[in-house]
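> Handing you a structure now.
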Amino acid sequence: MAKIQLKPHTVLCPVPAVMVSCGTPTGKHNIITIAWTGTVCSDPPMLTIAVRPTRHSYQLISETKEFVVNIPSRAMAETLDYCGLVSGRVADKFAERGLTALAGSQLQYAPLIAECPINLECHVEQELLLGSHVLFIARIVAVHADADIVDDKQHINYQQAQPIAYAGSNYYGLGDYLGRFGFSRQ
Ligand SMILES: Cc1cc2nc3c(=O)[nH]c(=O)nc-3n(C[C@H](O)[C@H](O)[C@H](O)COP(=O)(O)O)c2cc1C
């Protein structure tokens with residue numbers, strides 16, 4: 001097949017679309033939808049989120065140095081989209097979408113979103129201005145998952161969690177199961 005060269009742009013796909021919650025020292029909570037996120041280290045467990053400095057959430061995360069990455073299920077796709085269109089400067093997204101803020105175990109200000117099946121409490125270690133976005137490099141300090149998607153070996157069943165993938169401004173569910181890590185050598 002012949003190739004067509006396109007301008008350099010952000011076509012890496014699919015990426016997870018997540019709901020990042022944060023808070024203020026005065027007890028206010030907010031949610032921002034984030035697609036520019038990724039796992040960057042296993043030990044210690046670390047991830048990044050890239051946030052435009054113009055976002056309300058940027059100020060909160062930069063000040064408190066904490067946030068929670070909440071992985072929504074496919075049933076929450078509309079709420080995920082909403083939290084990426086409306087700013088916390090003008091709306092209480094928890095109240096508007098009937099979401100529950102739940103205290104985590106390690107952070108002071110950022111709550112878990114109870115309705116999301118998986119929640120990662122994160123503590124910011126570094127902030128890097130890249131250009132349009134600021135990269136928060138953060139350590140995962142606690143992981144929570146709904147009891148009905150965790151087996152007796154503490155493994156999460158991701159097919160049951162039903163995370164949402166994002167590609168080219170479109171949302172997708174998890175596709176067909178293709179095999180387990182290492183299956184090519186069996
Ligand atoms: C699917 C989706 C993905 C998004 N990903 C990002 C992102 O990675 N970084 C970012 O700064 N904004 C991203 N946004 C935009 C913010 O979520 C949006 O501007 C939001 O309203 C900001 O809320 P806040 O002002 O309350 O922080 C995304 C929006 C959508 C719908």
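> Provide the convex hull volume over Cα atoms per residue for the range 2-53, in Å³.
136
> Expressed in nm to one decimal, what extension gain is obtained for the pair T39 and A77 from 0.36 nm per residue of sequence separation less their Cα-Cα distance?
11.5 nm
> D for the range 67-125, whole µm²/s, Stokes-Einstein with Kirkwood Rh over alpha-carbon pairs at 20 °C and 1.002 mPa s: what number?
176
> Given the DSSP H assignment, sum -39500 (n - 2.57) over each helix run of at least 4 residues in the chain and divide by its residue total; what's the result at 222 nm in deg cm²/dmol, nearest 500?
-2500 deg cm²/dmol
> Now for a different question. Enter the mean projected area of the convex hull around the alpha-carbon atoms of the range 58-183, in nm², rounded to one decimal.
Result: 10.0 nm².
> If you project the alpha carbons of the range 109-167 onto the principal axes, what extent comes out on each, in Å, largest first?
On the principal axes, the range 109-167 reaches 42, 29, 20 Å in Cα extent.
> Something else now. Counting pairs of alpha carbon atoms under 8 Å apart in space and at least six apart in sequence, what relative contact order in percent does the chain give?
25
> Based on the alpha carbon coordinates of the range 1-121, what radius of gyration and maximum Cα-Cα distance (Dmax) apply, in Å?
15.5, 58
> Okay, next question. With the crude spin-label approximation of a point 7 Å out along Cα→Cβ, what separation in nm comes out for H56 versus Q159?
About 4.0 nm, to one decimal.
> Can you give me the convex hull volume of the Cα atoms of the range 59-100, divided per residue and expressed in Å³?
87
Read-outs throughout are calculated quantities, based only on the coordinates presented, and are distinct from any laboratory measurement. Please read all numbers here as calculations on a predicted model, not as lab measurements. Every residue, glycine as well, gets a Cβ built from its backbone with ideal geometry; the counts of neighbours run over all protein chains shown.
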